Each structure stands twice: as C-alpha cells, then as structure tokens.
1. For the ranges B:184-190, B:21-27, what's the packing order if you count other beta-carbon atoms within 10 Å of each residue, average per peptide, and put the highest first?
2. PRE reach from A:ASP98 (point 7 Å along Cα→Cβ): which of the stretch B:61-104 fall under 12 Å by backbone N?
3. Once you have the Cα-Cα distance between B:LYS212 and B:SER115, take 0.36 nm times their residue separation minus that, and quote the gain in nm to one decimal.
4. How far is the Cα center of the stretch A:5-47 from the Cα center of the stretch B:163-217, in Å?
5. Write down Rg/Rh for the protein assembly as shown, rounded to two decimals, with Rg from the C-alpha atoms and Rh from the Kirkwood relation over Cα pairs.
6. Taking beta carbons within 10 Å but only from partner chains, what does the mean come to for residues A:86-93?
7. Taking the inverse of the average 1/r across all pairs of different Cα atoms in the stretch B:69-160, what Kirkwood radius in Å do you get?
8. Over the whole of B:174-185, what's the average partner chain Cβ count within 10 Å per residue? Rounded to a whole number, please.
Amino acid sequence: MASEKVQTFTDSNFDEVTKSGVVLVDFWAAWCGPCLQLAPTIDSLADDFDGKVVVGKLNVDENPNIATRFKIRGIPTLLILKDGEVADTVVGRAEKEDLASKLTSQLGALGD
Amino acid sequence: MKEDRHVIIIGSGPAGLTAALYAARANLSPLLIEGLESGGQLMLTTMVENWPGFRDGIMGPDLMTEMRAQAERFGTEIVEGSVTTVQLGQRPFSVSLSDGRTWTAGALIVATGASARWLEIQSDRKLAGHGVSTCATCDGYFFKGRPIAVVGGGDSALEEAIYLTKFASKVTLVHRRDTLRASKIMQDKAFANPKISFIWDSEVADVKDVGKGEVTGIVLRNLKTGVRSEVPLDGVFIAIGHTPNTSLFAGQIDLDPAGYVVTSHGSRTSVPGVFAAGDVQDHVYRQAITAAGSGCMAAIDAERYLESLTAPPVDVVVTQAIESS
C-alpha cells in the first residue's frame, strides 16, 4: 500500500524540500525491479518517521539533473540528507530496520 | 506444542509463489515470507519469452505481480521481511524475522533462490552503485553514450551485453575462456552486434577507482599469458552466475559442496518435513518454469507429509518423522 506520506521529489522542487532537517531520498525508476521491491519499505518508513523525517522518491527517468548531481549510477540508491548535505548513502535493497536505525542516528545528530 | 501454521514458505519467486498457490488451494493457509529480493530474479528481467501461455512474452515483474495475486487470492498470507534464523531440530519448526517476529510450522518449504555472484575482488562491491552493477535493466540507463564492460560468458551475460548496447557507446565482453557457454542463438546475436567486442581468456583483476568513488577502468589479467592490461571505461556489469541463498540452513539440512540444498524423492530435504524448490536446489535448469514446477511438487509433498502425521505410518520417511518429533 503506497503511503500518502511519501513525497514526490523533482528537479525543480528538490533543493527547496531537502534544505533542512533529515530527508530520505529514494532514487528509482519504473523499469527497475529492485526499486519496486524496495517501495513498501520506503512507504513504511514514511509512516513510522512521519513528522520527523521527510521521505520522498525521485524518478531518475523524469528528473535527470538531480540524479546527475549526486552521480547516481545505480538504482535503487537511497541518500540520507541532513540540512541539504549527504549524511549517508545506501545502494541497493536494504532491510527496513537498518534504514530506520540510520535515520534515527541522523535525527540524534541533528542538534549537534 | 501446537504450531502456528501448517506450512511456511520462505521465498517469493516462481518456486515460492507456486508452492503457496498449491498449498493455499489445499486449505493449508500458508504463510509466505518474501525476503529482501521479493519476486526473485524475474524482477530483474524485462521480457520473458519462454513462459508458456504468453505467445508474445510477458514482462518479468508483471508475471511476478500476477503470481503473487493468484497465491493471495486462494488465501496465502504474504509477510514482508527477511528470515534471520530457522530452527529445524525441533517440532514444530520455527522461523524468525529480522524484526523479531517468530512463527512455528509443521512443514517448511525453502524457496530462497539464488543471488547474483560478485567477482572475487574487493573493489567490485565497493563500487556497487557507482559504476559496478549486477542488474543491466536497472542501471543501463546511467551509461548512455559511455563505454562499459560485461563480465561473463553465459546466456545472461550475452543478454545483458545486447540489452546494454541500447545505451552504451561500446560494450566489451570479458570472458575467462576462448569460447562462450551461451546458447547458439544468443552467440549469433552478440557476434552480429557491431557495438559488442570480446576480450577472451581474461579475468578482471581489479576495478578502478575506489579512491574516486567511481569506475574509471578495469585491470584485466590474461589467464594464458599472465599479462595485465587496463581498459578505461565507465561501467562494469557482472553476469558470472549465481550463488544459492542457503546460509540460513547450513548445518541443519544437507547442502552440496556448492551450497545448494540436496533434494531427493521429489522435493524432500535431509530433514523430514522440510522441502525445497527452485534455484536454491537446482543448478542445472534454473528456469522460471522449472522453479514453478518444483514449487508445485514441494507443496504437494508438504501436504502429503502433514496428512501422514495424522495417519498411521505407511513408509520410511513418515516413520522417521514421527520418531524425531
């Protein structure tokens, strides 16, 4: 079930929506099977971290500029941004618990 | 101890979902744990042209969506997540997930499949997602107009090489031998493709450049002469086969030296009540249709096993099962 909490990031809105706080970006495309496999995990993280982490998906096919900026060469790739800077990168499918603990640790480091 | 489930199926490729379909239709209300690579290897493919019943082919991910819906329609419960431990030395068997959830079952069907093998060097994994890939359909897009290599000599290597010529400026196929293992039809297609060139008798000794965090080239070693050479390129796609996903079961059920589950008399493993289907127990055929067929066998074997537990023992397998419970 797709979560309404997952935002759609694009080349035009990306900088605005990611400039502050902890943000999880899911680089994906419709023709990428593992991206579809990961989608329920992203949905579930968006629900669990509602109000704490902005979770969004960026379709690399429709938004090549942001994908190029971050040198994305494989999908799914997940970036965890903190105040607009890359704090962590996860390539490929990942367990929900691992991603959740990465997000939690970035939230903990926010006040530093 | 009463079990939570009649049967638990681990894996959600064609083997697992077909086992679920048959078990559900036998009123065993199966629980299927899908694993990290849900849908299995077909999720990494595009058009599947050898699945009977689709004369024009069907997209791999679409086929898996249909199989899943069909298994659910008859009462399969599908759980997201990966199994971290199984206990097969006790009855009922128990299965635990990474988030701590645990179920017990009277019978278990192992359909965990096989995953893409990586090179036996460190740099390929470090550059995964930064130019090294095991999924051409996922990542070919990022190499528009760029030179790349495909490593391997089987059908899947040639299929990837041909697919990648849609994007790449040049595809270099690197193979350890001087002939290909791939089928004649795939070889003819690859040799006829002007964008594909071949480097024979060579292995990838290193992928550069881990320091830069991107692929800038590969170091090749000629296996006949020992001569090393460097080829500058932007991407490396690895298609050198698969490794069965059996680490969960090591020491609990018999595996062959390559790590595949050993089955006999259909889908039976060395532990009565544990059955295996699909690529986890098949290094010979490895087709979607053979995986599905063996999933059906595993479900029928599991159903008969469970029936035998409530009936007087009639054969050796059943006797052993009761003695060890």
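Read-outs throughout are calculated quantities, based only on the coordinates presented, and are distinct from any laboratory measurement. The structure presented is a predicted model; accordingly, all values stated were derived computationally and were not measured. Cβ coordinates were reconstructed from backbone atoms using ideal geometry, including for glycine residues, and neighbour counts include every protein chain displayed.
1. Numbers: B:184-190: 14.6, B:21-27: 21.1.
So the peptides B:184-190, B:21-27, ranked by packing, come out B:21-27, B:184-190.
2. From the stretch B:61-104, the list is B:82.
3. On the way: separation 97, 0.36 × 97 = 34.92 nm, distance 2.77 nm.
That pair, B:LYS212 and B:SER115, stretches by 32.1 nm at full extension.
4. What the calculation gives is 33 Å, centre to centre.
5. Working: Rg = 23.2 Å, Rh = 23.3 Å.
Ratio of gyration radius to Kirkwood radius: 1.00.
6. Working: counts 0, 0, 0, 3, 1, 7, 8, 5.
Average per residue, whole number: 3.
7. On the way: mean 1/r = 0.0576 Å⁻¹.
The Cα-based Kirkwood calculation yields 17.4 Å.
8. Values: counts 0, 0, 0, 0, 0, 0, 0, 0, 0, 0, 0, 0.
Other-chain Cβ atoms within 10 Å of each residue's Cβ, averaged: 0.
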